[in-house]
Amino acid sequence: MAQTWIKARRSWELYVLVLLPVLYLLIFKYIPMFGVMIAFKDYNVVKGIWGSPWVGFKHFENLFHSPNFPLLIKNTIGISFYSLLAGFPIPILLALALNEVRTGFFKRSIQMITYAPHFISTVVMVSIIILMLSPHVGIVERLFIFLGFPTTNFMGEPGLFKSIYVWSGVWQEMGYASIIYIAALAGVDPSLYEAAKMDGASRFKKIIHIDLPSLLPITVILLILSLGNIMGVGFEKIYLMQNPLNMSTSEVISTYVYKVGLLGANFSFSSAVGLFNSVINLILLVIVNFFARRVSDNSLW
């Protein structure tokens, strides 16, 4: 104990440095977990958490028997898997392509062009999407008319909502998401490329036998995190893109919680929905991590 205290005194600057992040986690992440209790109560603002009556799993039963429940699960999982299948490989391909570019000016230009959309706010991004796809005045609509295709209300077609949401997100995030893969490729030993060149390996073979194995550990980690958040579809963009015409494919768990909990003031039911969502994500994270460790020896823990 005395030796531990002496070591702590010697490195007190490091403990001070880590103090603020720890306080942030405690205050904004762990202490609010206490409020999850209202998912098992009929929460009343006047009575408070302790004074509200205990109802057990009543709100979870209401969720499972709700006519909206199958639609919420279907839309949430559908959009998540669509986003994962479309958006996960593209940053890897972009990083591999940029790694092969030798012209500095061209490489920096492509990086700037692909990184910039990430810094556009969600509200501005959705406004751009709506303006581009607006009937009769949007640039996409005018292009379709010029090519002889029939006019389409893109934002009002339920079948098109997922594709618009996913591919606009891919365009916005692919450059920024590729940074971590570019950093991993920058750490590859140059002697590996020199040895491959001496052996007569083509660029494609260098990518297959050097670049991809170098990206495998970080790819597995990011894939685990993505699959562990499969139920966590973002709220802001979907909510802003929703309208009465596409509600059948755009209503997901996060928007439903907002409408029921905040707009409908049913805090206990919305907490039950959010808790169910978090538990499913946690279970998926543990399962995916287990299989990743068994298959590739790369995992979160």
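Throughout, read-outs are computed from the coordinates displayed, never taken from laboratory work. Being a predicted model, the structure only gives us computed values, none of them experimental. Cβ placement follows ideal geometry from the backbone for every residue including glycine, while neighbour counts extend to all protein chains displayed.
List the equivalent ellipsoid semi-axes of segment 18-73 in whole Å, largest first, each obtained as the square root of 5λ for an eigenvalue λ of the Cα gyration tensor.
Numbers: eigenvalues 170, 69, 11 Å².
The three semi-axes for segment 18-73 are 29, 19, 8 Å.
Direction-averaged shadow area of the convex hull around the Cα atoms of segment 130-203, nm²?
Values: hull surface 33.7 nm².
One quarter of the hull surface, i.e. the mean projection, equals 8.4 nm².
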- Message: Under 5 Å between amide hydrogens, which residues at least 5 positions from residue 41 or on another chain qualify, with H placed 1.01 Å from N in the peptide plane?
- Response: 55
- May I ask you to evaluate 6.51 cos²θ - 1.76 cosθ + 1.60, the Karplus curve with θ = phi - 60°, for each residue of segment 129-140 and list the ³J(HN,Hα) values in order in whole Hz, giving x for glycine and proline? 4, 5, 5, 5, 9, 5, x, 6, 10, x, 5, 5
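Packing-wise, with mean Cβ within 10 Å as the measure, how do 27-36, 155-164 rank, highest first? If you can, show how the numbers build up before the last one.
Values: 27-36: 9.9, 155-164: 16.1.
By packing density, highest mean first, the sequence is 155-164, 27-36.
To one decimal place, what Kirkwood hydrodynamic radius in Å is obtained for segment 162-205 from all pairs of distinct Cα atoms? Mind showing how you got there, number by number?
Numbers: mean 1/r = 0.0765 Å⁻¹.
When all Cα pairs of segment 162-205 are included, the Kirkwood radius is 13.1 Å.
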- For all pairs of alpha-carbon atoms in segment 79-208, what percent lies in each bin of width 10 Å, listed from the first bin to the last filled one? 11, 30, 28, 18, 9, 3
- Note on the structure: The Cα extents of segment 51-94 along the principal axes, largest first and rounded to whole Å, are 55, 26, 10
- What the Cα atoms of segment 238-285 span along the principal axes, largest first and in whole Å, is 34, 26, 15
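Kirkwood hydrodynamic radius, segment 71-110, all distinct C-alpha pairs: what's the number in Å?
On the way: mean 1/r = 0.0819 Å⁻¹.
Result for segment 71-110 stands at 12.2 Å.
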- Query: Can you run phi through the Karplus equation (6.51, -1.76, 1.60; θ = phi - 60°) for segment 276-290 and list ³J(HN,Hα) in whole Hz, with x for Gly and Pro?
  - Reply: 4, 4, 5, 5, 4, 4, 5, 4, 4, 4, 5, 5, 5, 5, 4
- Message: Let me check the size of segment 52-136 from its C-alpha atoms; what are the radius of gyration and Dmax in Å?
- Response: 21.6, 68
- Which number gives the lysine pairs in the chain that have C-alpha atoms under 17 Å apart and are eight or more places apart or on different chains? 6
- Item | [x] -0.41, -1.08, -1.25; [y] -0.23, -1.01, -1.38; [z] -0.42, -1.24, -1.34, with the label sought being that of the calculated log10 I(q)/I(0) by the Debye sum over Cα atoms at q = 0.07, 0.14, 0.16 Å⁻¹ | [z]
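Compute the orientation-averaged projected area for segment 161-301 from the convex hull of its Cα atoms and round it to one decimal in nm². Working shown, then result.
On the way: hull surface 45.6 nm².
If I average the Cα hull's projected area over directions, I get 11.4 nm².
Report the per residue volume, in Å³, of the convex hull enclosing the C-alpha atoms of segment 1-50.
On the way: hull volume 5.7 nm³, N = 50.
About 115 Å³ per residue, rounded to a whole number.
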- the chain, relative contact order in percent, only Cα pairs under 8 angstrom and at least six apart counted: 25 percent
